[in-house]
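Have a look at the structure below before the remarks.
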Ligand SMILES: [Zn+2]
């Protein structure tokens, strides 16, 4: 299994370190919004543009083919072969052995959806992991 680069670990540390700053910023923005209702529309438009910009910066598009090419077709959670012909949609017969994209730092914790953070896994293993960490 390929280990994340030191740069990537640094990025994650920085992200965690600035978490409180970001929360304070959110509170400040909310206060401003309550005090300036007329500027709300303008702000929304600006933020929408910023979000799109940020998305381009942090989300690298990758394909399943690239994922398998980079990390192989073994499930990184249990080490067994993933059935790449099995359906990927949860609930479809055989999906448990099919490919799911797992993330080292989950998307819900702010992890980026890029090739470096993504790993191939079985549908079933990915789901089990998700339950464990919640
Ligand atoms: Zn597995």
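Things worth noting here:
- Filter result for residue 62 (within 26 Å of residue 130 (Cβ to Cβ), surrounded by 12 or more Cβ atoms within 10 Å (Cβ to Cβ) and in contact (Cβ under 8 Å) with a residue 60 or more places away in the chain): no
- Subset of the stretch 76-89 [part of a loop (DSSP other than H, G, I, E, B) and over 29 Å from residue 14 (Cα atoms)]: 78, 79, 80, 82, 83, 84, 85, 86, 87, 88, 89
Rundown of residues vs (1) modelled with pLDDT of 85 or more; (2) within 21 Å of residue 113 (Cα to Cα); (3) not in a helix (DSSP H, G or I), yes/no style:
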| residue | (1), (2), (3) |
| --- | --- |
| 7 | no, yes, no |
| 56 | no, yes, no |
| 66 | yes, yes, no |
| 91 | yes, no, yes |
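- Subset of the stretch 93-126 (residues that are within 12 Å of the ligand (Cβ to nearest atom), free of Cβ contacts under 8 Å to residues at least 40 places away in the same chain and not in a loop (DSSP other than H, G, I, E, B)): 96, 97, 99, 100, 102, 123, 124
- Condition check for residue 33: within 22 Å of residue 113 (Cβ to Cβ) and without any contact (Cβ under 8 Å) to a residue 60 or more places away in the chain: no
- Condition met for residue 83 (surrounded by 13 or more Cβ atoms within 10 Å (Cβ to Cβ) and within 17 Å of the chain's Cα centre (by Cα)): no
The values are calculated or read from the model by the stated rules, or taken from the named source; none is laboratory data. Here the structure is a predicted model, which means the values were calculated and not measured. Glycine also receives a Cβ, built like all others from the backbone with ideal geometry; neighbour counts cover every protein chain displayed.
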